[in-house]
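One structure, as structure tokens, below. Some questions next.
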Amino acid sequence: MRENVPAAAKNSGFRPDIQGLRALAVSLVVTYHLWPEQLTGGYVGVDVFFVISGFLITSHLIRKPPLTGREMAQFYGRRIRRLLPASFAVLAATAVATRLVAAPTQWEGIAKEIIASALYVQNWVLASSSVDYMAEGIDPTPTQHFWSLAVEEQFYLVWPLVIMAAFWVAAKRRLRAGVLVRYAIAAVVVVSLGVSVLATTAEPGGAYFITPTRMWELAIGGLVGSVAPLAATRLNAQTNAVLAWAGILAIVLASVTYTNATPFPGSAALVPVLGTALVILAGTSSSFSPTLFFRWTPVQWLGGISYSVYLWHWPLIILVPYVSGGELGWLDKAVIIVVTLVLAALSKTFIEDKFRFTKSAQGLMPTFRFAAAGMIMMTVLGAAQLAEVNYRSHQAEQRLLAVETSGDPCLGAAAIAKGFDVCEPDPTAALVPEPELAKDDRSDAYADGCWSNAPFTERPICTYGSGEKKVALVGNSHAGHWLPTLQKLAERNDWTISTFLVSRCNPTDAPLELDTQEKTDNCLAYGDWVMEQTKGDKFDLVITSERQSVPVQGETWETTEAPAVAGYKSYLSRWAEADTNVVVIKDPLFPGGSIPDCLAENPGNPGACAGTPEDWYWMDPLEEAANELSLPNIKTVNMDQYFCEDGVCHAAIGSVVTFFDGSHITATYAKTLAPYLDQALQKLLRD
């Protein structure tokens with residue numbers, strides 16, 4: 001009976017079972033990115049990669065611990081030659097492709113992330129904005145997947161020091177080095193896993209990306225590497241086969257049962273991580289082992305190019321729609337898979353292997369010079385793109401200022417108010433703001449820090465104007481986009497506006513389905529605080545508007561409308577009972593997809609970005625609640641007529657871009673709405 005011998009007990013570093021695990025991991029990731037609704041947990045492939053990397057690196061460090069500065073430099077040099085050449089090639093190709101095919105509205109974000117990816121800090125950049133691949137209203141960039149490479153590189157910077165310190169302490173105190181190394185690794189696992197569980201509960205968006213919440217996954221691989229020699233002498237082939245089957249089952253189970261709603265990494269990551277650890281520990285043990293499938297030549301080939309497959313597939317997924325002109329179909333996805341495999345095979349042969357095995361590239365100084373030069377070049381490429389974006393933005397700002405002061409009688413909302421027979425649309429006219437500038441055409445509430453953000457414990461109030469009449473603006477970001485309109489009204493109506501604005505929370509009496517119970521409770525508390533600040537005669541008028549951005553707790557989008565209406569009816573009734581004058585501005589119909597991106601992709605054809613009232617989002621439980629209450633001091637205003645007419649909802653009206661993303665009104669268009677909102681408010685207040 002043949003016994004399994006794990007890699008750490010051998011001199012040879014090649015493991016066909018690990019190559020197969022790489023193939024499985026990259027297959028999960030690519031499938032998830034192409035068909036997220038079919039393989040909902042395929043993102044665990046990244047966790048499989050983490051464990052593999054931790055195992056291989058730790059096994060090497062235990063066999064040949066870097067005990068001198070030169071040995072440490074040699075270790076880092078090998079990592080550079082293994083990882084950086086292909087990543088730099090993909091980043092350079094992505095920078096060029098972005099400039100050629102992506103909409104100008106995307107250039108700035110992609111340029112910034114190319115720089116972050118080249119410097120291997122992409123994970124922290126994404127964590128700072130709590131972005132994920134499916135984040136609502138945020139377009140993923142073609143280098144977003146570099147976050148996992150950043151985690152690994154940061155691990156590689158620290159991990160040799162941990163192993164070296166363990167060997168040094170063992171030598172000083174005459175302890176068994178192997179035992180001390182295992183204790184050190186176990187300590188990292190415990191601490192990092194604890195941080196991961198706590199952070200995933202407190203701030204899941206950011207926790208997904210940061211190194212402290214992920215290090216335990218690589219350390220688990222390291223722990224396997226440290227115990228593999230012991231396991232080789234104590235586990236027989238049948239036991240290893242059972243371990244391998246259990247490990248494969250755990251990985252597959254996680255990939256098909258986990259979803260984007262699964263709190264991750266946290267304790268949920270234990271399933272794919274421990275599953276991978278079991279497969280590695282088992283090795284290829286007997287005819288009963290599932291890892292024998294991994295020896296199949298196509299699987300070994302895919303495992304060999306898995307790193308380059310991971311690098312290339314995501315930029316293609318993001319950039320191909322700019323060429324194909326729509327969402328990815330089956331043919332597009334098939335082409336992406338084929339092109340990814342071809343590029344990966346070429347990268348493996350002509351980039352990865354050339355740098356790893358060519359003697360002239362293996363000196364320490366050439367290696368570190370290459371790393372520095374590559375990072376500098378990628379940073380310069382990104383900075384050059386940012387410089388062009390800034391130049392174009394400056395020109396666009398000058399044109400916007402000229403248009404706003406031109407006195408054009410058909411500018412913005414005036415065109416639809418007067419009728420398109422009077423203000424005939426000119427699809428070839430320059431848009432204001434230009435699409436690449438429109439994304440930043442937001443109300444002053446953003447620059448002035450007027451938002452209460454999660455966990456909603458800070459409650460800023462911003463004040464605009466100095467008139468005698470006091471007006472409160474209450475709600476989430478869909479109230480905030482009315483601020484430019486109200487600022488215009490404040491000038492003509494002698495108002496002082498105070499804002500009570502919150503992000504991804506609605507002042508309501510219905511608890512919302514936020515990602516932690518703390519945020520749900522704090523959101524309710526924020527609404528109670530707003531009520532105390534605004535009810536009664538504290539303000540002459542309260543203006544409120546909301547977007548139902550998340551369902552009511554315990555509900556789905558299909559079932560949330562009625563409970564949401566009930567929550568708003570309760571909240572509005574509290575204002576009414578305190579004799580507060582309230583106007584609810586109905587949330588205008590909005591498209592959902594990015595209007596600036598669509599306009600940039602269809603220059604001279606804004607009609608391509610138009611929709612119908614049936615296609616655009618319409619649910620507004622706040623307005624429904626106000627209408628159902630039918631109270632004399634709770635009134636509603638509907639401004640939909642200034643966005644849609646004759647069954648068409650417009651992306652640009654009177655040459656002005658209507659939305660700065662998929663749902664928020666541009667500040668420029670909001671200003672042109674001022675006279676029409678003023679008319680509606682004056683009529684309501686007279687009645």
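Readers should treat all values here as calculations from the given coordinates under stated rules, not as data from a laboratory. Model, not experiment: these values are computed from the prediction. Glycine gets a Cβ as well: all are built from the backbone with ideal geometry, and neighbour counts include every protein chain shown.
Per 10 Å bin, what is the whole-percent P(r) computed from every C-alpha pair distance within the chain?
3, 13, 21, 22, 17, 12, 8, 3, 1, 0
Oh, and also: Here are some pairs, 635/683; 64/354; 469/535; which of them have Cα atoms lying more than 20 Å apart in this structure?
Cα-Cα > 20 Å for 64/354; rest within.
Taking every DSSP beta bridge with both residues inside segment 406-686, roughly what % is antiparallel (nearest 5)?
Expressed as a percentage, antiparallel bridges in segment 406-686 total about 35.
Now for a separate question. Taking N as the number of residues in segment 472-542, what is its alpha-carbon radius of gyration divided by 2.2 N^0.38 Å?
Compactness ratio reported: 1.23.
Follow-up question, since we're still on this one. Could you pull out every residue, at least 5 positions away or on a different chain, whose amide H is within less than 5 Å of the one on residue 652? Hs are placed 1.01 Å off N in the peptide plane, and Pro or chain starts have none.
658
Using helices alone, I'd like the mean residue ellipticity at 222 nm for the chain: each DSSP H run of four-plus residues gives -39500 (n - 2.57), total over residue count, nearest 500.
Taking each H run of at least 4 residues, the total per residue is -18500 deg cm²/dmol.
How far, in degrees from 0 to 90, does helix 483-493 lean away from the longest principal axis of the Cα atoms of the chain, to the nearest 10?
Approximately 20 degrees, to the nearest ten.
Taking the alpha-carbon set of segment 576-687, what are its Rg and Dmax in Å?
15.7, 52
Taking the alpha-carbon centroid of each part, what is the distance from segment 161-180 to segment 61-99 in angstrom?
27 Å
In addition: Tell me which of 576, 168, 619 sits at the most positive position along the dipole axis of the chain, charges placed on C-beta atoms (Lys, Arg +1; Asp, Glu -1).
Going by the Cα projections, it comes out as 168.
When only alpha-carbon atoms count, how far does segment 7-384 stretch along each of its three principal axes, as whole angstroms with the largest first?
63, 46, 44
Give the Kirkwood hydrodynamic radius (Å, one decimal) of segment 406-686, defined as one over the mean of 1/r across all pairs of different Cα atoms.
Kirkwood hydrodynamic radius for segment 406-686: 19.1 Å.
Return one number: the angle in degrees, 0 to 90 and rounded to the nearest 10, between the long axis of the Cα atoms of helix 270-282 and the longest principal axis of the Cα atoms of the chain.
That works out to roughly 20 degrees.
Projecting each Cα onto the charge dipole of the chain (Lys/Arg +1, Asp/Glu -1 at the beta carbon, about the Cα centre), which of 315, 658, 493 comes out farthest on the positive side?
Selected residue: 315.
Here's a follow-up. For the chain, which span is the longest to avoid every loop-located (per DSSP) member of chymotrypsin sites (Phe, Trp or Tyr not before Pro) having at most 12 other Cβ atoms inside 10 Å?
On the way: sites that count: 14, 557.
Answer - 15-556.
Out of segment 514-602, which GluC sites (Glu not before Pro) are coil in DSSP terms and have no more than 15 other C-beta atoms within 10 Å?
Those satisfying the criteria are 558.
Take the alpha-carbon positions of segment 438-593, form their convex hull, and give its projected area averaged over all directions (one quarter of the hull surface) in nm². Walk me through the numbers before you get to the answer.
Numbers: hull surface 37.7 nm².
Computing the convex hull of the Cα atoms and averaging its projections yields 9.4 nm².
Over all directions, average the projected area of the Cα convex hull of segment 419-521 and note it in nm².
For segment 419-521, averaging the hull's shadow over all directions gives 9.9 nm².
While we're on this one: For segment 76-180, state which trypsin sites (Lys or Arg not before Pro) are in a DSSP loop and have at most 10 other beta carbons lying within 10 Å of their beta carbon.
Qualifying residues, ordered by number: 174, 176.
Moving on to the next point. Antiparallel DSSP bridges in the chain: what percent, to the nearest 5? Working shown, then result.
Numbers: 11 of 33 bridges.
Percent antiparallel among DSSP bridges in the chain is about 35.
In this model, which of 519/671; 439/538; 439/586 are farther than 29 Å apart at the alpha-carbon?
With Cα atoms farther than 29 Å apart: 519/671; 439/538.
Then there's this: Amide H to amide H under 5 Å from residue 496: which residues, 5+ apart in sequence or cross-chain, H placed 1.01 Å off N in plane?
Residues meeting the criterion, in which the H sits 1.01 Å from N, are 467, 469, 470, 471.
Roughly how many debye, to the nearest 20, is the charge dipole of the chain about its Cα centre, given +1 on each Lys and Arg Cβ, -1 on each Asp and Glu Cβ, and no other charges?
Details: 49 positive and 65 negative charges, 1086 e Å.
Using only the charged Cβ atoms, the result is roughly 5220 debye.
I need the P(r) histogram for segment 264-423: all alpha carbon pairs, bin width 10 Å from 0 out to the longest distance, whole percents.
Using 10 Å bins, I get a P(r) of 8, 15, 22, 24, 13, 9, 7, 2, 0 for segment 264-423.
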